[in-house]
Amino acid sequence: MKSVTVSMTPAGRYYASILCECDIPEPQYEGQTIGCDLGLKDFLVTSEGEHVAAPQYLRQSERRLRRMQRHFSRCKRGSRGREAARLVVAREHEHVSNQRSDFLHKLSRRLVDENQAICAESLNVKGMMANHCLAKSIGDAGWGEFLRQLEYKGAWYGCHLWQVDRFFPSSKRCHDCGHILQDLRLSQRSWACPECGVVHDRDENAARNISTFCTVGTTGTDTPGESPVTDSRNPEAPHLQAGVVHRQMGYDLDDSFALGITALREVLGAAA
Ligand SMILES: [Zn+2]
């Protein structure tokens, strides 16, 4: 065991984060390669046609949060009632963030387990957050965190994450014939290709394009250097060092719980 860090959240809960070093089994790259289109209404649409609805946890708690916030701001500064009201608000925020985290961890783990490679668009989340009409939904969606999880879980359990440049016209390109639309409004959820006549679900078509381009870009059938794909496998990344993995547990406890506990037992057993 390397270190233990105890932290307290604004809601007054304590967490112990235990850092230990352990060997993890060689990752197995099995399953298929899928493309993912990340969105607001559907959190994720895969090239296999699976739609995962966006849970919108913040929106669900919004009215309750507003009421709590109002109560808090009416309390007298420095009073005991104010501290209690602050805790109530902080707990609700923590609840939302826990719900979101649970959703993202379960989904990313399932995708990593089922597939050997996942292709997604690289996101400029910060740039999109600047659009204040969408900022709340985007923040609520948690795309950046989701991609981060896919990347590190992929390295642990055997799944590559490939990201396509976000300027790649994944939505506007017909997957069947390659025709690229001049214009496609965000509100248009499906469209018919003027070239070949195939009717596309907007997000499924995008996911299929992403998948195709990633596959082409990595098997070398395309002109090298022209692929819009970047491979997330970075040999410099500490969690990818062969054999030894720094696994953070406790506050970051996720669905690798069982593995983590086993590792912890080993470490504690070795120390005893
Ligand atoms: Zn077409």
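Return the total of residues in segment 156-181 being of a type in the set (D, E, K, R) and either away from the ligand (no atom under 16 Å from the Cβ) or not assigned by TED's automatic domain parsing to the domain that holds Cys119 (or both).
Here the count works out to 2.
Determine which single condition Lys153 fails, assuming it passes every other condition in (1) part of a helix (DSSP H, G or I); (2) within 16 Å of the ligand (Cβ to nearest atom); (3) charged (D, E, K, R).
(2)
Taking segment 25-81, which residues are loosely packed, with under 15 Cβ neighbours inside 10 Å and among the aromatic types (Phe, Trp, Tyr)?
Answer for segment 25-81, where residues must be loosely packed, with under 15 Cβ neighbours inside 10 Å and among the aromatic types (Phe, Trp, Tyr): just Tyr29.
Within segment 182-208, take every residue that is modelled with pLDDT under 90 and within 16 Å of the ligand (Cβ to nearest atom) and give me the one that is nearest to Gly39 (Cα to Cα).
Within segment 182-208, the match that is nearest to Gly39 (Cα to Cα) is Gln188.
For segment 56-67, indicate whether the set of residues that are of a type in the set (A, V, I, L, M), in contact with a Lys or Arg (Cβ under 8 Å, 6 or more places away or on another chain) and in a helix (DSSP H, G or I) is non-empty.
Yes, segment 56-67 contains a residue that is of a type in the set (A, V, I, L, M), in contact with a Lys or Arg (Cβ under 8 Å, 6 or more places away or on another chain) and in a helix (DSSP H, G or I).
Starting from residues that are among the polar types (S, T, N, Q) and not in a strand (DSSP E or B), keep the ones in segment 19-55 and report whichever is farthest from Ile138 (Cα to Cα).
It comes out as Gln28.
Quick check on my filter: what residues within segment 170-193 are more than 28 Å from the chain's Cα centre (by Cα) and within 15 Å of Glu204 (Cβ to Cβ)?
Matches in segment 170-193: Asp176, Ala192, Cys193.
Given the conditions (1) surrounded by 15 or more Cβ atoms within 10 Å (Cβ to Cβ); (2) of a type in the set (A, V, I, L, M, F, W, C); (3) over 17 Å from Cys36 (Cα atoms), and given that Ala84 satisfies all but one, which numbered condition is not satisfied?
(1)
The values are calculated or read from the model by the stated rules, or taken from the named source; none is laboratory data. Here the structure is a predicted model, which is why all the values come from computation and not from measurement. We place every Cβ from the backbone using ideal geometry, glycine too, and count neighbours over all the protein chains shown.
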